Amino acid sequence: MREQLEQIKASALAELAQCGDGKALEALRVSYLGKKGQLTAILKQMGKLSAEERPVIGQVANEVRQALEAAIAEKQEALKEKELNDRLEAERIDVTMPGKAAKAGGLHPLSIVTNDLIDIFQSMGFDVVDGPEVETDHYLFEALNLPKDHPARDMQDTFYLGDNLLLRSQTSSAQIRVMEQRKPPIRIVCPGRVYRADEVDATHSPVFHQMEGLVVDKGITMCDLKGCLEQFVHEIYGPETQVRFRPSFFPFTEPSVEVDVSCSECGGKGCRICKGAGWIEILGAGMVHPNVLRGCGIDPEVYSGFAFGVGLDRLTTTRYKISDIRLLFENDTRFLDQFN
Ligand code: PHE
């Protein structure tokens, strides 16, 4: 029996040395020390031994058990440490490797310019309003003093979604929506997308952007219009920029003007950017037509106002010297990254 015990100890220690993971170790423990284990089986036969032999063998058996338990515990520790080291090795991070830079997004140049304009007009006391891109004939034309047969409708030959619904061709419809809802004094700007059936080229796009402005109060004159727009131009283009008001026509303003600024590239001499003219047209404006005020329930004998519509795409391309308007719509990140 003594030999048997020694043999069990030897074979258990040999197997233990081969043991590679916690699962195998547990199996080994059960197969020797478990209820039905080899060592347990031997101990069960102790009863057959003589009274002299029993304590001697009993002591040997205990020694073997303790030795095995200690060896197993030691192995368990070693395996745990190995597992940890393996994991640390596998998950190791090489802090000397070059990192991947996170690419931050940025504002589109049109948004930058629009936000700048909003800041300027807000500082002059204007509210910012929003209007729908799908408009009714009433808001886009009729209430703006453009009846059905008016020839000025041709210039804004637009995208119809039905007899009465169309994509707005100008943000001027916002004027009507605001005047129907608010009592003067009114001071609003309305930025947004507009649509016209234009051929796409370097300076035309069927989708572009405008910002409408409207002021209605008692005693508003053409001087207020000039002062307000000159102030805005000087903030955007710099105080040295000259502003030119040319007589023009819009059905919803009388008198009407178009506003040019001296070309910031050549200072007025004439260059590629201003197509040799020395001036760049940036907006249409005028004094709100009495018919428009009356149609919105505002008495033109008491109140007067001015309105303007700025082309935001033109403002953006001239400010950043962008040669082709299509760049604003292509979403090419190589182009857009330059504005971050
Ligand atoms: N809506 C006009 C256009 O798109 C611009 C404009 C706005 C003119 C307000 C006068 C007053 O051309």
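The values are calculated or read from the model by the stated rules, or taken from the named source; none is laboratory data. Quantities reported herein were computed from a predicted structural model and do not represent experimental measurements. Please note: Cβ atoms are built from the backbone with ideal geometry, for glycine as well, and neighbour counts cover all protein chains shown. SASA here: full protein model, heavy atoms, side chains in, ligands and nucleic acids out. Shrake-Rupley method; radii C 1.70, N 1.55, O 1.52, S 1.80 Å.
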| request: Please report, in cubic angstrom per residue, the volume enclosed by the convex hull of the alpha-carbon atoms of segment 225-340. | output: 139 Å³
| request: Treat segment 1-144 as a sphere of radius equal to its Kirkwood radius over Cα pairs and apply Stokes-Einstein at 4 °C in a medium of 1.567 mPa s; give the translational diffusion coefficient in µm²/s, rounded to a whole number. | output: 56 µm²/s
| field | Probe 1.4 Å, protein heavy atoms only - accessible area per residue of the chain in square angstrom | value | 57 Å²
| Just for the Cα atoms in segment 130-258, what are the lengths along the principal axes, largest first, rounded to whole Å? | 45, 41, 26
| message | For a distance above 27 Å, tell me the whole-number percent of Cα pairs in the chain that qualify. | response | 62 percent
| field | Simple label model, 7 Å out from Cα along Cβ direction - Glu265 to Arg244, nm | value | 1.6 nm
| query | Which of the residue pairs Lys183/Lys218; Lys9/Lys36; Lys9/Lys44; Lys23/Lys82; Lys44/Lys80 have a Cα-Cα distance greater than 22 Å in the structure shown? | reply | Lys44/Lys80
| message | Within the chain, what whole-number % of the accessible surface is contributed by carbon and sulfur, with the 1.4 Å probe and all protein chains included in the calculation? | response | 51 percent
| query | Listed highest first by mean packing, meaning other Cβ atoms within 10 Å per residue, what order do 91-102, 26-37 come in? | reply | 26-37, 91-102
| task | May I ask for the percentage of alpha-carbon pairs in segment 74-210 that lie more than 25 Å from each other? | result | 53 percent
| Charge-dipole axis of segment 1-68 as Lys and Arg at +1 and Asp and Glu at -1 on Cβ define it, positive-most pick from Gln4, Gly58, Gln45 | Gln45
| To the nearest 20 debye, what is the magnitude of the charge dipole of segment 90-165 about its Cα centre, counting +1 on the Cβ of each Lys and Arg and -1 on the Cβ of each Asp and Glu? | 580 debye
| Any idea which of Thr96, Thr241, Phe208 is furthest toward the positive side of the dipole for the chain, if Lys and Arg beta-carbons carry +1 and Asp and Glu beta-carbons -1? | Thr96
| request: With a bin width of 10 angstrom, please list the P(r) values of segment 296-340 as percents of all Cα-Cα pairs, from the 0 bin to the one holding the largest distance. | output: 19, 36, 13, 14, 15, 2
| field | Overall Cα dimensions of segment 147-212, principal axis frame, Å, largest first | value | 40, 29, 21
| query | How large is the dipole of the chain about the Cα centre if only Lys and Arg carry +1 and Asp and Glu carry -1, each at its Cβ, rounded to the nearest 20 debye? | reply | 1220 debye
| query | With a sphere of radius 9 Å drawn around the Cβ of Ser262, what net charge do the other residues whose Cβ falls strictly inside it have (Lys, Arg +1; Asp, Glu -1)? | reply | -1
| said: Please report, in whole Å³, the volume per residue of the convex hull around the C-alpha atoms of segment 261-308. | reply: 86 Å³
| Which peptide among 2-10, 51-59 comes first, and what is the full order, when sorted by highest mean count of other Cβ atoms within 10 Å? | 2-10, 51-59
| said: Per-residue counts of other Cβ atoms within 10 Å, averaged by peptide: what ranking do you get for 142-153, 243-254, 13-24, highest first? | reply: 243-254, 142-153, 13-24
| For the residue pair Lys275 and Val302, what label-to-label distance in nm results when each label sits 7 Å from Cα along the Cα-to-beta-carbon direction? | 4.5 nm
| Cβ-placed point charges (K, R +1; D, E -1), dipole of segment 237-299 about Cα centre in debye, nearest 20 | 200 debye
